[in-house]
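Worksheet: one structure, shown below.
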Amino acid sequence: MSVTIVAFGNERDRFSEDNQQPSLIWSYLGRSALISQIDSSLSAAHAAANRGFTEYQACVFGNVRLLVHDCPVWDIFDSDWYTSRSLIGRADIIVIKYSVNDKTSFQELKESYVPMIKKALNHCSVPVILSAVGARKNGVPCTCPLCTADRRSCVTTSEGVQLSKELGATYLELHTLNDFYIQKYFGGVLEYFMIQSLNQKSSQKMKKKRKTQKCHRVQPPQLEQPEKMPILKGEASHYDADLHNLLCCCQCADVAFYPEDLSTVVEAHKVILCSVSHLFMLLFEVKSAADIRDASIVSMAQSLFTVESRDTSPTDTRDGPPCVPPVKVVVKDSVFCSCLPDILHFIYSGAFQWERLEEDIKKKLKDPEKTENVLEKVKCILKTPGKLSTAKDCRSHQIRRLYSTSLRLFFNTPVLADVIFKIQGATVPAHRAVLVARCEVMAAMFNGNYLEANSVLVPVHGVSKDTFLSFLEYLYTDSCCPASILQAMSLLVCAEMYQVMRLQHICELSIITQLQSMPSRELASTSLSIVSLLRKAKFHNSDCLSTWLLHFIATNYLIFSQKPEFQDLSVEERSFVESHRWPSNLYLKQLAEYRNYVHSQKCHCAVM
């Protein structure tokens, strides 16, 4: 037998300089007296970094195999929801860890990831251990609603206890990772749940064994498993690559950076720059100095850049709106200006490591003092007002997270918008740079010989306003969550119209997930027509979804064969469903014969 433990969260304080301490799970494996052997090939030094979690194997209680999946980065829920849900589904015990000195990570855990874990558990009786690790470094945080001084304040015991009640978890506080807290305190609770899991598995095994040892008699016919439905694989996100390609192609550029001698030019896009930097928001008048309230950002913007006043007179109004030239921004620091292409590549892609940016600037400048000066300016550009900026805040995964949250600020807002969609009598503002980067059809529409290329107002037909807003939200944030099957199908149609294949696959997965979660009783009584979904899927070239829906109808044959919509299937579709139906005709015939046999046996006296 085996026990599977899945651990989420990081128990280290990200503000601490000491990040070399071993993790909670690794410390337990090394200190527990019950662990007789650890598989060194899956140690922390060989972490499966590409999957976002580390695997350990060990022997416990002599011959019981212990499997541990340690996921220190919560990004696995954002990037691969299906893998994280699968991990939780296989878990016998779940451990959630956080540092008591990292209030920001705790709030993110509470608001974003605890609901996901509860949804994945889906009322399963898997024990959860909530571990608060570390000694608190400060006192009671300020309670003033406008105060920002408690951003790094500690997580109180009452907050941890409240979160454990929401999860139905066992709450533990581990002040240090020493023998007492690891082996006796944390280990004692963990091993108690391990014994419970083993007892439950042993009981199930004994019941199965007794069942097979019953005396031979006429057994009911065995219902074979339904044929496996085709698996629909999701497409990897190319959000970062789309934005990086936008910079490389220089399409829809509305900002031009010049050195003071105006010798060279580097083009960029205001909406992208403002989405990652309050300094650029100030520079392009999205926010005022009073809104930002950070003297260092205001001072840096004034000392580093000058926005030249432009001629707002139209150049040509015959075929469309006035042609507005890019905003000219003069970079006062010549050394910074020489590094500007590398800095923009770092900002746009979100995939470059901070260490790589440092290396590129060092190679270009070959002067440590100048290199440090440029990097400090980059940190100020990426700085959050009122917060110290460190190299840790400039890491690639934080830039990617910044994109998905901050570009949302410009979704469905007129700020910096340069195109307006007219749909169902309403208007929806948008930004050409984002649309061109994320959608090839939009790129052709705005850069080709089409009316839309020279128009501010663009009409949209064949789709509802709510569906089109969901489509735009995906372009801006790389995420969507349809509330119903019909909404997912409408969004799928819109995605097919604009040839955004990844969104189409996400909608297909959403429809499949929602249909699979329907109980048989709800499936029998629903007014939703699966055959109509099948028709739409075929019409809009969603071959994977249409194939899956046919298998779904065949697998639930007894339900769908009683519905009027079943008659709307084509001859070819009906033939497929009949040949793949579950339960099969053979099983139903054997079941009828068995029932007749049982009924005939009841006619005789069981004693004489």
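The values are calculated or read from the model by the stated rules, or taken from the named source; none is laboratory data. In this text the structure is predicted, and so the values were computed from the model without any measurement. Only protein heavy atoms, including side chains, enter the accessible area calculation; ligands, DNA and RNA are left aside. Shrake-Rupley method; radii C 1.70, N 1.55, O 1.52, S 1.80 Å.
So, with a 1.4 angstrom probe, what is the percent of accessible area on the chain that is carbon and sulfur? Carbon plus sulfur share of accessible area: 53 percent. For the chain, the longest principal axis of the Cα atoms and the long axis of helix 501-516 meet at an angle of about 30 degrees.
Normalised per residue, the accessible area of the chain is 53 Å², obtained with a 1.4 Å probe and no contribution from ligands, DNA or RNA. Beta bridges per DSSP, both residues in the chain: antiparallel share near 40 percent. Using a 1.4 angstrom probe and counting only protein chains, how large is the accessible area of LEU486 in Å², to 10? Near enough 110 Å² of accessible area. Using a probe of 1.4 Å on the protein chains alone, the accessible area found for THR526 is around 40 Å². Across VAL493, VAL265, the residue with the most accessible area heads the list, and the full order at a 1.4 Å probe is VAL265, VAL493. With the cut-off at 1.5 for a/c, could you classify the range 176-299 from its C-alpha gyration tensor as rounded, prolate or oblate? It is oblate, given that a/c is not under 1.5 and a/b is not larger than b/c. Reducing the range 437-470 and the range 104-139 to their Cα centroids gives an inter-centroid distance of 42 Å. Note on LYS201: lysines with a C-alpha under 20 Å away, same-chain residues under 8 apart excluded, are LYS209, LYS211. In the assembled protein chains, PHE53 presents an accessible area of approximately 10 Å² (probe radius 1.4 Å).
Rounded to the nearest 10 degrees, the angle from helix 465-477 to the longest Cα principal axis of the chain is 70 degrees. Protein-only accessible surface at a 1.4 angstrom probe places the residues GLU452, GLU359 in the order GLU359, GLU452, largest first. Its relative contact order, with pairs defined as Cα atoms under 8 Å and 6+ residues apart, puts the chain at 10 percent. Going by accessible surface with a 1.4 Å probe and the largest first, GLU55, GLU440, GLU267, GLU260 read GLU440, GLU260, GLU267, GLU55.
Let me check against my output: what whole-number percent is the relative contact order of the range 453-608, with C-alpha pairs under 8 Å and at least 6 apart? Relative contact order for the range 453-608 comes out at 15 percent. For a test of the definition: using alpha carbon positions, the gyration tensor, and the 1.5 limit on a/c, classify the range 462-509 as rounded, prolate or oblate. Rounded is the answer for the range 462-509, as its axis ratio a/c remains below 1.5. When Rg and the Kirkwood Rh are both derived from Cα coordinates, the Rg/Rh ratio for the chain amounts to 1.04. Across the cross-link table entries LYS270/LYS465; LYS363/LYS387; LYS137/LYS364; LYS118/LYS379; LYS97/LYS379; LYS97/LYS362, which are compared at the Cα atoms, the separations over 32 Å belong to LYS137/LYS364; LYS118/LYS379; LYS97/LYS362. Each principal axis of the Cα atoms in the range 501-554 has its own extent, and those three values, largest first, are 33, 18, 18 angstrom. Counting only alpha carbon atoms, the long axis of helix 530-539 and the longest principal axis of the chain meet at about 40°. Over the C-alpha atoms of the range 510-606, the Rg to Rh ratio, Rh being the Kirkwood estimate, stands at 1.14. Of all aspartates and glutamates in the structure, not one has an alpha carbon short of 12 Å from that of LYS563, not counting any fewer than 8 places away in one chain.
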